[in-house]
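A.B. asks: The structure is given below, and queries will be raised subsequently.
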Amino acid sequence: MVTLFSGVLILGVLVFVHELGHFAVAKFSGVKILKFSLGFGPRLASFKRGETEYMICAVPLGGFVQMLGEGGGEDGEEAELSEADKLRSFAHKPLSRRIAIVAAGPVMNLALPFLLLPISFLVGVNVPRYLDGPPCAGFVVPGSEAEQVGFRAGDCIVSVNGDQVETWSDAFQTMVSHVGAPLEVLVDRQGGQAVISLVSEREDLEELSLERLGLAPPRSAVIGSVAEGFPAARAGVKTGDRILAINGQPISSWYDVRPLVLAAGGSELQLRIQRGDEQLVLSMTPEKSDSSDDYIVGVSPEQQTALKRYGPIKAIKAGYDQALDLIKLTLIFIQKLFSGQVSAKNIGGPIMIFQVAGQAMQTGFSTVLTFMAFISIQLGILNLLPVPILDGGHLFFYLFEGIFRRPLSMRAREILQQLGLVLIVMLMVFAFYNDIVKFQLFKNLFGWIRSG
């Protein structure tokens, strides 16, 4: 229910902002608004104020503003409009006004992140510490692509295709910008440097993340949580303890823990831990997991995140920069998608939005704002694509009218809009399919690391 409510709420706000753009500019231009609807399909609630009927409908995947004379008059019969109504008809407004009205919706969606993201940074954002840290590999997953192409634990990425990177986030964004091209990664390795080549025929953007390649950030062997009723809890292990050794084997990072627990099987383990100023040795016997054949002790690593709060000026700058980055990445994705360099399986739909919205709602206010900003950008850019039935399609019609000094014929517009509708329906079906196939996409990528 949280997921459903969160998805409906977030989509509802973004649709409202979009339609409010159309509504406000149309009102300013003197156009008569007949209906303002959030959602499609059966009407759930409505009221009329002035000359406009405001509605909430059952399907929360969009909305609309119905204007007098939009497509040929209030009831589709332009000839029935009086001279007074024609003055307030959308179809009779100058071309520049019609363009402004149609463009206002996507523009509002694109502008919203420049408001939401600064607020998010002002409230404070929880970010994994490693994302702002050097792009160094604390661990290379055995058998992963990273290991196969030559990455080693301790490698620090210096550049990708000649573009310098300084943080884990920089490395991912730079790799995305070069998707479809050969990737030459320069790394620092024990005082020297090495060049690592990655396969270029890559269509799935997710596979470009360092984590999906098999690289994991440095992670200390500090215990973040202890599960009640498991061996570690019974032995007296506490949150904040640092594991120094297991059965006499020194532990330098969390990645050393799991192999030693698994190697012990059901045999007793001796854990030497640091707790404050003292060192303790605790004994425990791993138990088999209910969900697998792995042996576990019931501990998980410290969540290495940090709450970063910004002052007003820095929050505005950080929000502005992040909004531009999100717009840039979205445009790169669309360009790579149409050029065939990125697979269409990256396209997500409502199920994914609802799932991530639910997770964001349970994470915190700033996460919700960031997610809303991200989806708002997707909606804004999507609606500007020159596809008939979308706002971008209407803008294309007006571009034709501006160039040739005459509107496209009604018959041609109807045919193109029908084709556009078919295309959008097919896209939605495909997005639903992707969502179903990838329903578990956002599970914890490092769950296998945990020994509990």
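The values are calculated or read from the model by the stated rules, or taken from the named source; none is laboratory data. Everything numeric in this text was worked out from a predicted model, so none of it was measured. Backbone-built Cβ (ideal geometry, glycine too); neighbour counts: all protein chains shown.
A.B. asks: Across region 327-337, which residue is surrounded by the most Cβ atoms within 10 Å (Cβ to Cβ) among those that are modelled with pLDDT of 75 or more and not aliphatic (A, V, I, L, M)?
C.D. replies: Filtering region 327-337 for residues that are modelled with pLDDT of 75 or more and not aliphatic (A, V, I, L, M), the one surrounded by the most Cβ atoms within 10 Å (Cβ to Cβ) comes out as Phe333.
A.B. asks: With the structure loaded, tell me whether Leu117 is buried (at least 16 other Cβ atoms within 10 Å of the Cβ) and over 15 Å from Asn383 (Cβ atoms) or whether it fails that test.
C.D. replies: On the way: buried (at least 16 other Cβ atoms within 10 Å of the Cβ): yes; over 15 Å from Asn383 (Cβ atoms): yes.
Yes.
A.B. asks: Let me ask something else about it. Here are the criteria: (1) modelled with pLDDT of 80 or more; (2) part of a loop (DSSP other than H, G, I, E, B); (3) in contact with a helix residue (DSSP H, G or I) (Cβ under 8 Å, 6 or more places away or on another chain). Tell me which single one Gly180 does not satisfy.
C.D. replies: Among (1) modelled with pLDDT of 80 or more; (2) part of a loop (DSSP other than H, G, I, E, B); (3) in contact with a helix residue (DSSP H, G or I) (Cβ under 8 Å, 6 or more places away or on another chain), the lone unmet condition for Gly180 is (1).
A.B. asks: Here is a follow-up. For region 384-397, indicate whether the set of residues that are surrounded by 17 or more Cβ atoms within 10 Å (Cβ to Cβ), over 20 Å from Ser96 (Cβ atoms), within 20 Å of the chain's Cα centre (by Cα) and at pLDDT 80 or above is non-empty.
C.D. replies: Checked against the condition, which is being surrounded by 17 or more Cβ atoms within 10 Å (Cβ to Cβ), over 20 Å from Ser96 (Cβ atoms), within 20 Å of the chain's Cα centre (by Cα) and at pLDDT 80 or above, region 384-397 yields no hits at all.
A.B. asks: In region 308-326, what residues are modelled with pLDDT under 85 and more than 17 Å from Ser169 (Cβ to Cβ)?
C.D. replies: If the condition is that a residue be modelled with pLDDT under 85 and more than 17 Å from Ser169 (Cβ to Cβ), then Arg309 is the only one that fits.
A.B. asks: Right, here's the next one. Considering only region 367-405, how many residues are charged (D, E, K, R) and outside any helix (DSSP H, G or I)?
C.D. replies: 1
A.B. asks: Take Pro231 and tell me if it is outside the structural domain of Ile157 (by TED's automatic domain parsing) and more than 30 Å from Pro135 (Cβ to Cβ).
C.D. replies: yes
Condition check ((1) in contact (Cβ under 8 Å) with a residue 24 or more places away in the chain; (2) within 26 Å of Gln322 (Cα to Cα); (3) not hydroxyl-bearing (Ser, Thr, Tyr)) across all residues:
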residue: Phe90; (1), (2), (3): yes, no, yes
residue: Ala100; (1), (2), (3): yes, no, yes
residue: Asn126; (1), (2), (3): yes, yes, yes
residue: Tyr130; (1), (2), (3): yes, yes, no
residue: Val160; (1), (2), (3): yes, yes, yes
residue: Val176; (1), (2), (3): yes, yes, yes
residue: Val179; (1), (2), (3): yes, yes, yes
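Matching residues to (1) surrounded by fewer than 19 Cβ atoms within 10 Å (Cβ to Cβ); (2) farther than 30 Å from Ser220 by Cα:
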| residue | (1), (2) |
| --- | --- |
| Val102 | no, yes |
| Asp155 | no, no |
| Glu166 | yes, no |
| Gly180 | yes, yes |
